[in-house]
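Would you mind keeping the following structure in view while I ask a few things?
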Amino acid sequence: MDSLHLMYSFLFVILILFKDVSSLTISVSQTMDKAILGDNPFTLSCTYTLGSLEQFFSIELQRKRESDTDFTTIVTFLNPSSPLNVTYAESSLESRTVATKPTEESKTATFVFNTIECDDKATYKWKAFYFDGTNKNVEKTSTFTVKVNTLFGQEEHRSLSYVPSTNLEEGDDVVFTCSGDVGNEPVGHLGWFYYLGNDTSNAINASSKATSTAPVYVSSTCSYTRTSTLQLKMVKEFNDILVRCTVQQDKYDQHGDGHVQTENIPVYYSPKITAIEDRTVAEGTELLTLTCKADAYPAPFYSWLLPNGTVTDGPGLTLTSLQMGDNGTYTCVVYNTFKSNNHTVNETAYIDIRKTTTPPPTTTTTPSTGSTGGGAETTKKPAPATGGDDNKSTIYIVVGVVLGLLVIIGVVVIILCVKKRNKPKEIEEPPEKPRNNQDLSFYGNRPDLVSADHGMKNNMGSALNSSFNNSFDSSSDVKPRNEDGLLYIDLQFDDKPRSRRPIQILDNGSTPYADIVNPRV
């Protein structure tokens, strides 16, 4: 008996000496800081470590919500040697959680949420019980929040409206109102975008022009809702505008974490007419087209008022075979009707027809670009001045015609000069001489010195040598002389008309032209 008491006393002393040297410790963990509402598994775990002389009993998992005053045990994990697994203190958790007690190998207790509810947001405490000579426990806590993704993508959790909603026209102030679920952890915001011309790829961010209310918590969804308003003044560029409201919880762009948008919204506006240029054309121009263009919604109607009072419908006006009487102001009238009102504007163009010496152009088209016109009353434009470029054109035409005439005259003169230079020269015939070589007043009627009345051979006889020397000063007695003491010879003349050129007669039959030398007296 004394020996048994002594052994217990020894063990007690040993436990006292070593109880602070080695004791049970625990570590806790969780999947992440936030659990996501819905069927999104989330795990809490606790692992213990025993000292050499300690005995592990159990682990409890406790919970404290924001509305609770203290921790409440929700499940108990028994030690590995127990035939029981776990005991739920809150039976509602059994259908959506799985609790697993530690084993000799793992020494880890796990608690898995298969489905997260908003009330699962709380602070959780792990508390381990053990024996080291006395009953003791050790505890650690962990906290997680429950993230609630926005439900804005569902029609029942969003709305978008605008006032006024019909018959919008340029200048109207329209208020757009958007409400919906913006989620929780974090609480989202509502953003605004609009698109022009059905181009949803080119978003215009209008969030800075909007105002939002404070978020309101909804317990049934564990989430918050917001309301935001956007005011836009309608302009003609907003015709067919599309306005989008987005919730931005994790994504901050034109799509957000969900969005809702209007249908295309028509915006009425009166015609905005494009200016028409004045025109100056030549009389006789075969074709002149004036085009009138206007931007309006609804689509406008066009008509033209001519100087002679004629009215024709359509945006285009075609004038043919223009005459001086077609001068004047041509007025394009454009109008449309909305909200029981007629909206009319007009634009004028002055057509100046001028006489010209040059052939008129066949076709002229009026450009359709220019500044914006407008106004309900027609203002007649003054006719263009007659000077300036038109006078310069006339001067250029006159100078061109004069230069052309001078060039033609010069060419004619040059041609005449060339022809005259190249014309063969005519042989100048000497004037016809008197029949005698001497004055008849002194010698009376004497025979011509070159008379052909006598044959040359008879007068000269055989004494003359066959090569006639043309000498008239011969003293030969055999040569017959006339009473004036001169020797005559008979000559033949060229048979050309009006020719008095003599031909020398030779005894060899050839008849070259003779060179006649005046006799020495």
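We did not get these values from a lab; they are worked out from the coordinates using the rules stated. These numbers were taken from a predicted model, which means no experiment stands behind them. Virtual Cβ from ideal backbone geometry, glycine too; neighbours counted across all protein chains shown.
Going by average Cβ neighbours within 10 Å, how do the peptides 401-412, 68-79 rank, with the highest at the top? Kindly include the intermediate steps, with their values, before the conclusion.
Numbers: 401-412: 9.8, 68-79: 16.2.
In descending order of packing, they fall as 68-79, 401-412.
List the residues, sorted by chain then number, that are 5 or more residues from Thr141 or on another chain and whose placed amide H is less than 5 Å from its amide H.
Long-range HN contacts for Thr141: Trp126.
Now for a separate question. Full-extension gain between Thr166 and Tyr252, please, as 0.36 nm times their residue separation minus the C-alpha to C-alpha distance. The partial results should precede the final answer.
Values: separation 86, 0.36 × 86 = 30.96 nm, distance 3.12 nm.
Additional length available on full extension: 27.8 nm.
Can you give me the distance in nm between label points at Thr310 and Arg421, each placed 7 Å from the Cα along the Cα-to-Cβ direction?
Each label point is offset 7 Å from its Cα along the Cβ direction, giving 6.3 nm.
I would also like to ask the following. Going by average Cβ neighbours within 10 Å, how do the peptides 81-87, 61-67 rank, with the highest at the top? Write down the numbers at each step before the final one.
Values: 81-87: 11.3, 61-67: 15.1.
The packing order, highest mean first, is 61-67, 81-87.
Taking loop as defined by DSSP and a crowding limit of 12 other beta carbons within 10 Å, which GluC sites (Glu not before Pro) in region 211-277 fit? Walk me through the numbers before you get to the answer.
Values: sites: Glu237, Glu263, Glu277; in loops: Glu263, Glu277.
Those that pass, being in a loop and sparsely packed, are Glu263, Glu277.
Taking R0 as 25 Å, what FRET efficiency do you get between Glu277 and Ser321 from their Cβ-Cβ distance, rounded to the nearest 0.05?
My answer for the efficiency is 0.70.
If you count, for each residue, the other Cβ atoms within 10 Å and average over each peptide, how do 161-169, 35-43 line up from highest to lowest? Display every interim value, and only then the final one.
Details: 161-169: 13.3, 35-43: 16.4.
Put in order of decreasing packing, that is 35-43, 161-169.
In whole Hz and in residue order, list the ³J(HN,Hα) couplings for region 148-156 that follow from phi through the Karplus curve 6.51 cos²θ - 1.76 cosθ + 1.60, θ = phi - 60°; x for Gly and Pro.
Whole-Hz 3J(HN,Hα) from phi for region 148-156: 10, 5, 4, 9, 5, x, 9, 4, 6.
Past 24 Å, Cα to Cα: identify those pairs from Lys125/Lys147; Lys121/Lys209; Lys101/Lys127; Lys34/Lys251; Lys64/Lys140, in the order given.
On the way: Lys125/Lys147 20 Å; Lys121/Lys209 36 Å; Lys101/Lys127 13 Å; Lys34/Lys251 18 Å; Lys64/Lys140 13 Å.
Listed pairs above 24 Å: Lys121/Lys209.
To the nearest 0.05, what FRET efficiency results for Ser82 and Tyr217 with a Förster distance of 35 Å applied to their C-beta separation?
The value I calculate is 0.25.
Pairs of Cα atoms under 8 Å, at least six residues apart: use those to get the relative contact order of region 155-243, whole percent.
Values: 163 pairs, mean separation 32.1, N = 89.
Dividing the mean separation by the residue count of region 155-243 yields 36 percent.
Further, regarding this structure: Modelling each spin label as a point 7 Å along the Cα-to-Cβ direction, I'd like the Asn137/Asp295 distance in nm, to one decimal.
A separation of 7.7 nm, rounded to one decimal place.
Please list 3J(HN,Hα) in residue order for region 399-415, calculated via the Karplus relation 6.51 cos²θ - 1.76 cosθ + 1.60 where θ = phi - 60°; whole Hz, with x for glycine and proline.
For region 399-415, the Karplus-derived couplings read 4, x, 5, 4, 4, x, 5, 4, 5, 5, 4, x, 5, 4, 4, 4, 4 Hz, x marking Gly and Pro.
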